[in-house]
Amino acid sequence: MKKEFKIHLLLGLFCGLLVGMNLLGGKITSLFGVSVSVAIFMAPLTYLITDIIEEVYGREVTKQFIYVGITMIVIMFLYTALFVILEPHARYSFNEEYKTIFGASLRMMIGSVIAFFLAQMHDIWAFNFWKKKTNGKMLWLRNNLSTIVSQFIDSTVFMFVAFYALTPKFTVAFIFSLIIPYYLFKVAFAVLDTPFVYLGVKWLKK
């Protein structure tokens, strides 16, 4: 398997996960009694991929992943908005359900793009920072330190942009009450994926 194919495979998985998170993340499930978006099962994998890429190819290639990912999200949102407002054919009887599922608010769209960009750019910077500090050693440390902070940025920025003051209920304190348990699950997933970072780096270098 050539290295170009491996990079393209990871880029495809990365973009697929981003699209999946934004299309499917509207469903809320429960983990140990805490309500979370189903996107929580996909989000940590995006950081896993970018950490693998940065470890092997550096920050510039990783930034290309981010730019392609943002482009994919924007294109998807534009198409989604267009398809939601298009008048349905008379024989299509599920238009209201379609609008309910895919008609995400503009604030949520904007929040998703901003949060993704800021969190991923921080992840790139932090991963590189800790790599220099550890002289290229302790991959587990820089993987977790960069991802843990980046996930907090992602969750916090998205929640505030999308929901702050949406109704009187959505105060700063209430939003943080939503962020903290969701974020802790993300941290747990980030720690659990550490062995897969090592496996991914080994596979990509092979």
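No value in this document is a laboratory result; all are computed from the given coordinates. Predicted model, so just to flag it, every value in this text is computed and none were measured. All Cβ positions, glycine included, derive from the backbone under ideal geometry; neighbour counts span all protein chains shown.
Could you work out the helix-only [θ] at 222 nm for the chain, with each DSSP H run of four or more residues adding -39,500 (n - 2.57) and the total divided by the number of residues, to the nearest 500 deg cm²/dmol? Don't jump to the answer; show the numbers that get you there.
Working: 8 runs with 158 residues, N = 206.
Calculated mean residue ellipticity at 222 nm is -26500 deg cm²/dmol.
At 7 Å along the Cα-to-beta-carbon direction for both F32 and T80, put a label point, then send me their distance in nm to one decimal.
In this crude label model, F32 to T80 measures out at 2.9 nm.
In a Gaussian network model over the chain where Cα atoms closer than 10 Å are linked, find which of A165, A190, A90 has the largest mean-square fluctuation.
The residue that fluctuates most here is A90.
Mind checking which of Y79, S177, N95 is farthest towards the positive end of the chain's charge dipole, using Cβ charges of +1 (Lys, Arg) and -1 (Asp, Glu) about the Cα centre?
It is S177, whose Cα lies furthest towards the positive end.
For the range 81-206, how many pairs of lysine residues have a Cα-Cα distance under 22 Å, where the two are 8 or more positions apart or belong to different chains?
Count of close lysine pairs: 9.
I'd like the orientation of helix 194-205 relative to the chain: the angle between its Cα long axis and the longest Cα principal axis, in ° from 0 to 90, rounded to 10.
The angle comes out at about 70 degrees.
May I ask you to compute the full-extension gain from L13 to K169, defined as 0.36 nm times their residue separation minus their alpha-carbon distance, rounded to one decimal in nm? Provide the component values of the computation, followed by the final result.
On the way: separation 156, 0.36 × 156 = 56.16 nm, distance 3.73 nm.
Full extension from L13 to K169 adds 52.4 nm.
When the chain is fully extended, how far beyond the present Cα-Cα distance does I110 get from I179, taking 0.36 nm per residue of separation?
Values: separation 69, 0.36 × 69 = 24.84 nm, distance 1.78 nm.
Extending this stretch completely gives an extra 23.1 nm.
Once phi is turned into ³J(HN,Hα) by the Karplus curve 6.51 cos²θ - 1.76 cosθ + 1.60 with θ = phi - 60°, what whole-Hz value does each residue of the range 14-27 show in order, with x for glycine and proline?
Working through the residues one at a time gives 4, 5, x, 5, 4, 5, x, 4, 7, 7, 9, x, x, 7 Hz.
In degrees from 0 to 90, rounded to the nearest 10, what is the angle of the helix 106-133 Cα long axis to the longest principal axis of the chain?
10
Measuring from label point to label point, each 7 Å out along Cα→Cβ, what is the F102 to Y198 span in nm?
4.4
Output the 0 to 90 degree angle, nearest 10, between the alpha-carbon long axis of helix 172-192 and the longest principal axis computed from the alpha carbons of the chain.
Long axis of 172-192 versus the principal axis of the chain: about 40 degrees.
What's the longest piece of the chain with no exposed chymotrypsin sites (Phe, Trp or Tyr not before Pro), counting a site as exposed if DSSP puts it in a loop and it has at most 11 other beta carbons within 10 Å?
Details: sites that count: F32, Y92, F94.
That would be 95-206.
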